[in-house]
Amino acid sequence: MPIIETKNLSKWYGNVLGLSDVTLQIESGITGLLGPNGAGKSTFLRLITGQLKPNIGTVKIKGKKVRNNYSLFSIIGFCPEQDCFYDELTGWQFLTNLLKLHNFSNDEAERKAQEALEIVELSDDKNRVIRSYSKGMRQRLKFAQVIAHDPEIMILDEPLNGLDPLGRRKIIRLIKTYQREGKTIIVSSHVLPEIEAMTKKIILIHQGKIFAQGNIHYIRDLIDTHPHIISIKCSHPRELASKFIHENYVLKVHFAIASNSLLVETNNRDKFFSQLPSVLIENNIKVDEITSPDDNLQAVFDYLIGK
Amino acid sequence: MDMKIKEKITFFFTSGRNVFSFFLRLGLKTKKTKIFYLISFLPVLMSLIIKFSQVFSNGRQIEGTFIFSNMIMVFYLQFLILILALFFGTSVCSEEVEGKTLTYLVTRPIPKPAFILGKYSAYTLIVILMVAVGVIFSFVILNVDNLLDFSRYKILLRYMAVLTLGILCYSSFFMFIGTFLKRSILFGLIFSFGWENVVQYFPGSTQRFAIVHYLKSLLPPSSGGRFSFLLFRLEPSSPGMSIFMLLLITGIFLVLSCVVFSLKEYILDD
């Protein structure tokens with residue numbers, strides 16, 4: 001039996017379409033929900049947690065309707081996308097108070113809060129008011145309130161936003177640990193590598209519709225047919241260009257002389273990135289910045305739907 | 001009683017209690033509470049000034065209870081409890097929506113009415129405490145020469161009971177407004193200083209459509225004092241009827257708030 005089931009789920013805000021005719025069955029393990037900003041990811045997650053009412057369609061978790069079914073929330077943990085807190089409270093007070101809303105006794109709430117804060121490495125800062133937390137700390141605190149009551153189902157809306165690379169890796173590792181414990185986890189993101197690092201099961205969402213669903217390799221193949229542009233700001237852009245221009249996976253090379261940077265268009269991003277470090281070291285080229293201006297999902301989706 | 005129903009009732013009250021203690025602690029820490037605490041101390045400051053001027057002047061001494069009654073009429077009944085109930089009542093729901101913290105509450109295993117009632121109780125208690133501290137201090141300062149006259153404490157208790165009823169009633173009404181209106185403060189201000197201020201002076205039974213009518217009906221007969229014009233045209237309802245009506249209004253708006261909060265969809269703007 002699927003853990004989460006939606007049938008013809010549709011939601012619109014006035015004239016704006018939020019989600020259209022989404023029928024899905026989500027089973028245990030990690031499911032990645034991938035889509036550009038404004039695709040309908042948050043709407044979908046708020047609908048399956050009963051925070052929004054669908055205009056059409058139904059949502060069931062473990063066979064039970066969700067909206068106003070408060071008892072279900074003892075097995076659900078939800079991480080909102082927004083950076084919102086009771087800023088006057090300390091991290092410790094925030095967490096223990098939310099745990100008490102699960103009807104845990106004081107001792108139990110404190111024990112669980114301590115465990116969760118240790119997991120997200122916030123126990124040293126637990127007595128500071130949330131207002132003084134950095135973006136990354138706030139994000140970790142949001143994650144702590146998801147895991148603190150040990151839910152079976154975790155619904156995470158952009159949980160890696162605002163985290164530094166190390167923090168991201170830690171949260172990704174944690175999410176994978178929970179998957180091994182048999183939990184059902186839905187993670188949304190607009191960054192493909194983030195989702196890729198967690199799961200092979202992904203759902204592509206775009207303009208409120210499910211665009212593709214399945215194994216990440218299938219979607220990767222779809223996306224890989226789309227050429228990527230990579231911008232490299234370095235000391236010797238011409239020398240670097242000469243090393244790549246003959247490779248069959250490099251389609252075009254452009255220079256932006258004023259900013260000392262090189263734009264490489266490739267149809268095999270992975271191969272390009274695997275070669276780049278050795279070329280840089282062998283030729284003693286100093287790199288200031290590597291960005292991928294084209295590497296946003298919107299561009300990829302536009303390409304896939306033939307815009 | 002069926003065991004399941006018993007368990008559900010117990011669960012409901014436990015959830016409500018947990019919400020209450022959460023928001024009591026949180027409510028006491030907010031900037032809003034601190035600012036309103038300062039405002040509610042204005043009558044204390046006024047009482048001190050009056051008392052000092054009485055001590056240092058040789059003129060006719062005005063009776064402390066008389067000044068106290070006027071203060072209740074002018075500052076508390078017509079202004080402070082309305083403002084406090086408005087800002088705390090509407091914020092039960094609207095501050096969660098505007099601060100986008102509602103998401104943490106509606107994804108917890110608590111019935112929505114338990115949340116509404118728990119937070120209402122917490123905020124109402126905060127407002128009652130704010131008012132009580134100011135009233136008691138003012139009373140003591142103004143009656144410092146007659147503190148052993150225990151008959152005066154009866155008046156204090158009566159005023160406190162009326163103000164408490166007023167806070168309960170107005171807060172439940174404003175909470176209801178806050179559950180379904182986005183600009184609840186604006187509506188609340190219009191209601192407080194428009195409707196309540198006008199309708200109470202209408203002749204006949206029309207004045208019974210204002211909450212303040214029932215509150216004024218419960219005041220001691222001599223409470224008008226210098227500001228007796230505030231009791232102008234009051235055709236008081238009986239104390240029993242007044243208490244019944246205030247409790248009824250409170251109950252109706254509590255139920256309506258729970259219903260609206262359970263059914264309404266709150267869209268947290270990104």
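Please verify whether the range B:124-135 includes one or more residues that are within 13 Å of B:THR65 (Cα to Cα) and crowded, with 18+ Cβ neighbours inside 10 Å. Yes, the range B:124-135 has at least one match.
Checking each residue in the range A:280-294 for being surrounded by fewer than 17 Cβ atoms within 10 Å (Cβ to Cβ), in a loop (DSSP other than H, G, I, E, B) and under 31 Å from the mean Cα position of the chain (by Cα) picks out A:SER292, A:PRO293.
On the basis of being over 23 Å from A:ILE175 (Cα atoms) and either surrounded by fewer than 20 Cβ atoms within 10 Å (Cβ to Cβ) or in contact with a Lys or Arg (Cβ under 7 Å, 6 or more places away or on another chain) (or both), does A:ASN106 make the cut? Against the criterion (over 23 Å from A:ILE175 (Cα atoms) and either surrounded by fewer than 20 Cβ atoms within 10 Å (Cβ to Cβ) or in contact with a Lys or Arg (Cβ under 7 Å, 6 or more places away or on another chain) (or both)), A:ASN106 qualifies. Applying the condition of being within 13 Å of chain B (Cβ to nearest Cβ), assigned to a helix (DSSP H, G or I) and among the polar types (S, T, N, Q) to the range A:90-123 and asking which residue is nearest to B:LYS112 (Cα to Cα) yields A:ASN97. When A:ILE171 is tested against (1) surrounded by fewer than 19 Cβ atoms within 10 Å (Cβ to Cβ); (2) farther than 13 Å from A:LEU33 by Cα, just one condition goes unmet, and that condition is (1).
Within the range B:119-133, identify whether any single residue is more than 14 Å from the chain's Cα centre (by Cα), within 13 Å of chain A (Cβ to nearest Cβ) and assigned to a helix (DSSP H, G or I), and answer yes or no.
The initial filter retains those residues of the range B:119-133 that are more than 14 Å from the chain's Cα centre (by Cα), namely B:119.
Pick out the ones that are also within 13 Å of chain A (Cβ to nearest Cβ) and you get B:119.
If we keep only those that are assigned to a helix (DSSP H, G or I) as well, we get B:119.
There is at least one residue in the range B:119-133 that is more than 14 Å from the chain's Cα centre (by Cα), within 13 Å of chain A (Cβ to nearest Cβ) and assigned to a helix (DSSP H, G or I).
Take A:ILE130 and tell me if it is more than 9 Å from chain B (Cβ to nearest Cβ), hydrophobic (A, V, I, L, M, F, W, C), surrounded by fewer than 20 Cβ atoms within 10 Å (Cβ to Cβ) and under 22 Å from A:PRO159 (Cα atoms). Yes: the conditions hold for A:ILE130. Residue count for the range A:60-89 satisfying the condition of being among the β-branched types (Val, Ile, Thr), within 10 Å of chain B (Cβ to nearest Cβ) and assigned to a strand (DSSP E or B): 1.
Residues checked against (1) basic (Lys, Arg); (2) under 24 Å from B:LEU125 (Cβ atoms):
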{"site": "B:ILE141", "(1), (2)": "no, no"}
{"site": "B:LEU147", "(1), (2)": "no, no"}
{"site": "B:GLN207", "(1), (2)": "no, no"}
{"site": "B:LYS216", "(1), (2)": "yes, no"}
{"site": "B:SER242", "(1), (2)": "no, yes"}
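Among the residues of the range A:86-98, is any among the acidic types (Asp, Glu), within 27 Å of A:LYS176 (Cβ to Cβ), in the same structural domain as A:ARG140 (by TED's automatic domain parsing) and in contact (Cβ under 8 Å) with a residue 40 or more places away in the chain? No; the residues of the range A:86-98 include none that is among the acidic types (Asp, Glu), within 27 Å of A:LYS176 (Cβ to Cβ), in the same structural domain as A:ARG140 (by TED's automatic domain parsing) and in contact (Cβ under 8 Å) with a residue 40 or more places away in the chain. Count of the range B:58-100 residues, restricted to those that are within 14 Å of chain A (Cβ to nearest Cβ) and over 30 Å from B:PHE193 (Cβ atoms), is 1.
Filtering B:LEU156, B:LEU102, B:LEU129 for residues that are on the phi < 0 side of the Ramachandran plot and in contact with an Asp or Glu (Cβ under 6 Å, 6 or more places away or on another chain) leaves a single hit, B:LEU102.
Close Cβ contacts (under 9 Å, 6 or more residues apart or on different chains) running from residues in the range B:233-258 that are touching a residue at least 12 places away in the same chain (Cβ under 8 Å) and closer than 12 Å to B:ARG208 by Cβ to residues that are surrounded by 13 or more Cβ atoms within 10 Å (Cβ to Cβ) and of a type in the set (Asp, Glu) are absent.
The values are calculated or read from the model by the stated rules, or taken from the named source; none is laboratory data. Keep in mind that what you see is a predicted model, and the values were worked out from it rather than measured. Glycine also receives a Cβ, built like all others from the backbone with ideal geometry; neighbour counts cover every protein chain displayed.
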